[in-house]
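Asker: Once you've had a glance at the structure underneath, I'll fire off some questions.
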Amino acid sequence: MYKKFFQYSICYCIINLFLFAIYRILFLHLFANQKNYLILLSGCRLDIALIFFEIFLIGMYQILRNKHSLRTIFTFFCTITFIHILYCTANLFYFQERYQHLNEGLMAYIASPYEIWIAVSPVLKNKWYLLFIFTLLIFFWIYLTIYFKNRIQQQDIKIWNFPCPLLPCLFLTALCLLPTIDPVIVKKSKSALGWKPRFAHSKYYTKYNNYIQNQAIPNPWYELFRVYIALSLQKQLPYKLDKQEAWTITKNILQLPHTDEKYPLLQTIQSPHTFNIENIVIVQIEGLTQSILEKQINDQFIMPFCHQLSREGIYFPNILQSYNATSGGFYSTATSIHKDPFQEKQKIFTNSEINCNFATLTKLLPSEEYTFYMATPFRQNINDFITFTTNQGFQSYTYNEFHNCLKEKDLLEKAEDMQGIFDEYFLQECAEILENTKTKYVMHLITVTSHSPWTTPDDFPNIFSTQAFNAYHYTDKSIEKFIKRLQQNKEQYNKTLFVYLADHVGYCLTEDFLERNRIPLIFHHPQLNNAYTHHQTVYGSQVDVLPTILYILGNTHQYSGFGKNLLSSHAHEIPALGGNREYGIYYKQPWLLQYSPFLKQTTLYQVQNNTLDYNNQAEQQPELTATLLKEYLAQYETARRLVQEQKIYPIQDTK
């Protein structure tokens, strides 16, 4: 009994692994300019998880049915193999037609059969013969399955004969779950081991800095159940506005003169500047509330170096956080797209966000001239960051790389805590990476030490009574050492634009609503510092960072996002949108709207001299409240739709 079962299972594994390898080779051949067959290994890991889970299912079915039947096993394996072939083939055709995976279209329109027909009809129209071939294949496969099944000797064995063969069956079936599990690194505060078991996920393996190569890795059939159906079971807020109405409002707010039909946000940014800037370093400081940057204790700034940068550079103190988690702050800064705040229960990227092609700096600056880095020392959610950033074309440096480098230098014990790598060691490693870079570069980095519980290295002197202040002070010193090291190469330093901002609000000094949503933003470059007023009063959000960078760089650049150039003369006219997982905020001078969908509550406040008047005027001004809410929803829902439909920026690295 066991011998035949093992034989069938081994054949099933080999045949399907071979079929999935062919699928990925075809995917690369059809869509990728650059062939990297190492992705077969990453994809193979997901295939193994799928195959063993399917073996687990047939094992459990037979145990519950109390009957071990080789004919049933053979029929199951044949049927699932055929489904694998059909689903992978369908995914290739669908991706070729729409540059979208079949699962994305299927789950988006599962409740609307007519929309599914609209999606697949172009494929059937251009390749009508596929339906005929598909029908023939089904009948042929059914015939072969029945023919070979009938040649298997019918022998049904009762399983529930305790203890044998029940116990071996249970053991072997449970054993099939092991290949479906991956150890995922987490904060040591969440697990003493520093990792937790998770079901294998494609985001742990799509780590190549090429979008198309990463798209070849997921197994379409496994992805349907592991990702898409799982996400569909989560509660999501329905759209409030019609698609066309939302877009019309958004277009007017963003003052878009004309739009591309397929990529409606696509536009150009022209600038007269000639600052001779070649490199860009974006430093996102963990949990830096705007008030912390201005805070003094006994006539000493908590963050003296960063405060000095705000006095030298172009300082925007009225920037609204886009999201109250690192992933959202990084996402909005890097992509210039509003974070989908109410659809994701965890502090990570949604599946649509991971798979969408964005107009990041990796796409807008010439790849042959630049090297693009993303660096973060966090232990938590590193796979999500790797998958997202490599999909966008960044070389991703995360906890694993810094851990290994510091271990080789015998510095790991001093450099590491439960959350990741302390900022000083992390930033020194980043400086070393930049020193060894021979091209122009963009580095987007995120610090960690100023995250609660605000732990600092044992040898760092704590000069403040509040531990959070000591952590911010340590981060400030770490940034100062980082900048002074880069200043040693004066020529490169003078060609580098530095951008400092927070990922989101962190430690707050008061309960003031504005303070709990405002972060600082600084642009720093020797020539730029003398070109504009140092203290800017305009309100903005993290989506405005990217278009402002492009404007500072000079010349003409493509751009596709929801942001505004903060240095433009009409920046005050364009509203700012931000918020967190619980509520959204919308600032349109001088009004601030707070929208709380889960509480079904909308409030309206007036802002005077950067101070919030807590007199809720929503009831006194119902028309204004309704108008502002519609404007907020239009931008948020348009961003959500465009990301889900992958209509942000054209994919460039395809045939």
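The values are calculated or read from the model by the stated rules, or taken from the named source; none is laboratory data. These numbers come from a predicted model, not from an experiment. Cβ atoms come from the backbone with ideal geometry, glycine included; neighbour counts cover every protein chain shown. The protein model used for the area step is the full one, side chains on, heavy atoms only, and it has no ligands, DNA or RNA in it. Shrake-Rupley method; radii C 1.70, N 1.55, O 1.52, S 1.80 Å.
Asker: Taking the stretch 482-499, which residues are loosely packed, with under 15 Cβ neighbours inside 10 Å and farther than 23 Å from Asn530 by Cβ?
Answerer: Gln488
Asker: Given the criterion without any contact (Cβ under 8 Å) to a residue 60 or more places away in the chain, of a type in the set (S, T, N, Q) and out of contact with any Lys or Arg (no Cβ under 6 Å at 6 or more places or on another chain), identify the matching residue among Gln558, Gln617.
Answerer: Sole residue among the options that is without any contact (Cβ under 8 Å) to a residue 60 or more places away in the chain, of a type in the set (S, T, N, Q) and out of contact with any Lys or Arg (no Cβ under 6 Å at 6 or more places or on another chain): Gln617.
Asker: Yes or no: Pro238 open to solvent by 20 Å² or more (accessible area, probe 1.4 Å) and either free of Cβ contacts under 8 Å to residues at least 40 places away in the same chain or among the hydrophobic types (A, V, I, L, M, F, W, C) (or both)?
Answerer: Numbers: open to solvent by 20 Å² or more (accessible area, probe 1.4 Å): yes; either free of Cβ contacts under 8 Å to residues at least 40 places away in the same chain or among the hydrophobic types (A, V, I, L, M, F, W, C) (or both): yes.
So Pro238 fits the description; yes.
Asker: Out of Phe301, Phe305, report the one residue that is at pLDDT 95 or above, surrounded by 14 or more Cβ atoms within 10 Å (Cβ to Cβ), aromatic (Phe, Trp, Tyr) and touching a His at 6+ places or on another chain (Cβ under 7 Å).
Answerer: Result of the check over Phe301, Phe305: Phe301.
Asker: Could you list, in sequence order, the residues of the stretch 404-437 that are touching a residue at least 24 places away in the same chain (Cβ under 8 Å), open to solvent by 50 Å² or more (accessible area, probe 1.4 Å) and more than 15 Å from Thr376 (Cα to Cα)?
Answerer: Lys414, Glu435
Asker: In the list Pro366, Pro341, Pro317, which residue meets the criterion of being surrounded by fewer than 22 Cβ atoms within 10 Å (Cβ to Cβ) and farther than 18 Å from Pro650 by Cβ? Walk me through how you get there before you give the answer.
Answerer: Working: Pro366 fails: farther than 18 Å from Pro650 by Cβ; Pro341 fails: surrounded by fewer than 22 Cβ atoms within 10 Å (Cβ to Cβ).
Just a single option satisfies the conditions, and that option is Pro317.
Asker: Further, regarding this structure: Of all residues in the stretch 578-590, which are surrounded by fewer than 18 Cβ atoms within 10 Å (Cβ to Cβ) and touching a strand residue (DSSP E or B) at 6+ places or on another chain (Cβ under 6 Å)?
Answerer: Matches in the stretch 578-590: Pro590 only.
Asker: I'd like to verify a number: residues in the stretch 12-40 that are in a helix (DSSP H, G or I) and in contact (Cβ under 8 Å) with a residue 12 or more places away in the chain, how many?
Answerer: Going through the stretch 12-40 one residue at a time, the tally reaches 18.
Asker: May I ask you to list the residues in the stretch 473-485 that are farther than 11 Å from Pro304 by Cα and either assigned to a loop (DSSP other than H, G, I, E, B) or over 29 Å from the mean Cα position of the chain (by Cα) (or both)?
Answerer: Lys481, Lys484, Arg485
Asker: Can you pull out every residue in the stretch 330-352 that is out of contact with any helix residue (DSSP H, G or I) (no Cβ under 6 Å at 6 or more places or on another chain) and not in a loop (DSSP other than H, G, I, E, B)? Give the steps one after another, and end with the answer.
Answerer: First pass over the stretch 330-352, keeping only residues out of contact with any helix residue (DSSP H, G or I) (no Cβ under 6 Å at 6 or more places or on another chain): 330-331, 334-335, 341-346, 350.
Residues satisfying the conditions are Phe330, Tyr331, Ala334, Thr335.
Asker: Is it true that Thr371 is crowded, with 20+ Cβ neighbours inside 10 Å and either β-branched (Val, Ile, Thr) or over 17 Å from Gly328 (Cα atoms) (or both)?
Answerer: No.
Asker: A follow-up question, please. Among the residues of the stretch 247-258, is any loosely packed, with under 13 Cβ neighbours inside 10 Å, more than 23 Å from Tyr500 (Cβ to Cβ) and β-branched (Val, Ile, Thr)?
Answerer: No, because not a single residue in the stretch 247-258 is loosely packed, with under 13 Cβ neighbours inside 10 Å, more than 23 Å from Tyr500 (Cβ to Cβ) and β-branched (Val, Ile, Thr).
Asker: State all residues of the stretch 495-522 that are touching a residue at least 40 places away in the same chain (Cβ under 8 Å) and over 26 Å from the mean Cα position of the chain (by Cα); if no residue qualifies, say none.
Answerer: Passing the criteria: Lys495, Thr496, Cys508, Leu509, Thr510, Asp512, Phe513, Leu514, Glu515.
Asker: Return the total of residues in the stretch 1-56 being over 18 Å from Tyr211 (Cβ atoms), modelled with pLDDT under 90 and either among the aromatic types (Phe, Trp, Tyr) or open to solvent by 80 Å² or more (accessible area, probe 1.4 Å) (or both).
Answerer: The number of residues fulfilling the criteria is 7.
Asker: Right, next: Can you say whether Leu509 is farther than 14 Å from Leu320 by Cβ, of a type outside the set (S, T, N, Q) and not in a helix (DSSP H, G or I), as far as the supplied structure shows?
Answerer: yes
Asker: Evaluate the following for Ser327: is it at pLDDT below 95 and either aliphatic (A, V, I, L, M) or assigned to a helix (DSSP H, G or I) (or both)?
Answerer: Yes; evaluated as a whole, the condition is true for this residue.
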